[in-house]
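Remarks on the structure that follows.
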Amino acid sequence: MNKREFVRAMGGGAAALVFGPELLGRYAGWPVEQLAQEEQFWAGMRAKFKLTPDYINLENGYYCFQPEEVLNAFVGHVKAVNVQGSMYMRTKRVDDKLRVRTKLAALGGCSPAELIITRNTTESLDTVIAGFDWKPGDEAVMSNQDYGAMIDQFKLMARRYGMVNRFIDIPLDPKTDDEVVQVYANALTPKTKLLMIPHMVNITGHILPVAKICDMAHARGVQVVVDGAHAFGHFEFKLDDLHCDYYGASLHKWLSTPLGAGMLYVKQDRIAALWPVFGTSAGVKDTDIMKLNHTGTHPVHTDLGIENAIAFHEAIGGARKEARLRWVQQYWVSRVRGTPGLILNTPTDPKRSAGIANVGIPKMKPADLAKTLMDKYKIFTVAIDGFGVHGVRVSPQVYTSTAELDAFVKALKELAAA
């Protein structure tokens, strides 16, 4: 792709650029659910990524690497910033980052005044947890299935301020939203100040009813921080519709930005009360979210790459992408569910998950299962072993083929029967 073509993509011609006029002409009017199953269409998408032939990658949840177009643009940003050096940093950086923030906020469905660019979900949520005005005896509620880095930050706050952490277990296979909401409601007390919930449970792929949980918590005077590491860029939603107070995400996961990009959303009326982790510049008001983003000199070319990743994402179309991820998950899950010797740790109702699922073989330790899948079958997954979840997390991408999933299903059935 030459520079002129990429600029045109950024201006709105991205769909034609990514898919090519022949694919658009053939599939433009297809319903997203039907298109999700059309392998020829997604083979064209697969060609946009440089994939290793050494193994089948079913572990895109940690880091969804960039498509070649985004990667090439990112490399171009690195070179351009390096050529301009201090001139860029002093004269263009601030305006460029604001432009990227504005586009990111539009994608997320919030005001740019409520969003900052960070390095990852951990930095985003720890900024909230550390910035909360804790008093001795204050309580926070979270789940045992939450991400360890944030739990560690809560434990640090307990050591430092004398606040108390309370834990719940998220139902693995709930039948209703109310079942999930009630588990959290039962843990809240008059001392609870902050509730942390995952939008999507990172180890199982379970999507929680965030807005309902937030409404319940707010009715009890409790603020809510949401871990959206695996949700943003994965399935469609708008931040304003979630009713949460804080939301953090890693953009290098399902949005496929350069590695080291994240975001933090803080509802406008919650900004003033948060303490910054680092001292802010003179003149930055307490009500300005930028007080939370004073992190010194950082790799600005990563920020610029977010803009290219958004263009690529919008070229696919969020609804198309979500439909494909849901379909590839159900493609393999439906072929193994009920198989003797296998257990699925992801909700039965397909509406309660998207691209991620978790499968285990009770007679094998998760680490052994992951190792065998890689060593014997050349299929890369990640072992999950704790908090009631024992298996491997499986996170395909839009480019994952049915042939690869067939190989995975065959491997699971052979191991379960052995």
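A few comments on the model shown:
- Assuming charge only on the beta carbon of Lys and Arg (+1) and of Asp and Glu (-1), the dipole of the chain about its Cα centre is about 620 debye to the nearest 20.
- Cα gyration tensor category, rounded, prolate or oblate, for region 162-293 with a/c compared to 1.5: oblate
- Available extension along the chain between GLU33 and ALA272 is 81.7 nm, counting 0.36 nm per residue and deducting the alpha carbon span.
- Label point 7 Å beyond Cα of VAL83 along Cβ direction - residues of region 286-306 with amide nitrogen under 18 Å: 300-302, 304-305
- Once both labels are positioned 7 Å from their Cα atoms along Cα-to-Cβ, the gap between ALA187 and LYS92 label points is 4.7 nm.
- Counting neighbouring beta carbons within 10 Å and listing from fewest to most, the residues VAL226, VAL75 come out as VAL75, VAL226.
- Ranked VAL210, VAL181, criterion: other C-beta atoms within 10 Å, fewest first: VAL181, VAL210
- Within a straight-line Cα-Cα reach of under 26 Å, LYS351 can be paired with the following lysines, leaving aside sequence neighbours fewer than 8 residues apart in one chain: LYS175, LYS212, LYS238, LYS253, LYS321, LYS410, LYS413.
- Taking the chain as a Gaussian network of alpha-carbon nodes connected by springs under 10 Å, the highest mean-square fluctuation of the residues THR346, THR295, THR52 belongs to THR52.
- Three-way shape label, region 15-139, alpha-carbon gyration tensor, a/c 1.5: prolate
- Sorted by Cβ density within 10 Å, fewest first, the residues TRP327, TRP30, TRP254: TRP30, TRP327, TRP254
- Of SER353, SER86, SER111, the one that fluctuates the most in a GNM where the chain has Cα springs shorter than 10 Å: SER86
- Three-way shape call for region 71-152 based on the alpha-carbon gyration tensor, with the a/c threshold at 1.5: prolate
- Peptides 100-109, 167-176, 390-399 ordered by average Cβ neighbours within 10 Å, highest first: 390-399, 100-109, 167-176
- Whole-angstrom gap from region 365-410 to region 211-285, using each part's C-alpha centre: 30
- Å³ per residue enclosed by the Cα convex hull of the chain: 146
- Loop-located trypsin sites (Lys or Arg not before Pro) in region 269-331 (DSSP state other than H, G, I, E, B) with a sparse environment of at most 12 neighbouring Cβ atoms within 10 Å: LYS285.
The numbers here are math on the coordinates, done by the rules we state, and not lab data. It should be emphasised that the depicted structure is a prediction, and the values quoted were computed from it without experimental measurement. All Cβ positions, even for glycine, are placed from backbone atoms using ideal geometry, and neighbour counts span all protein chains on display.
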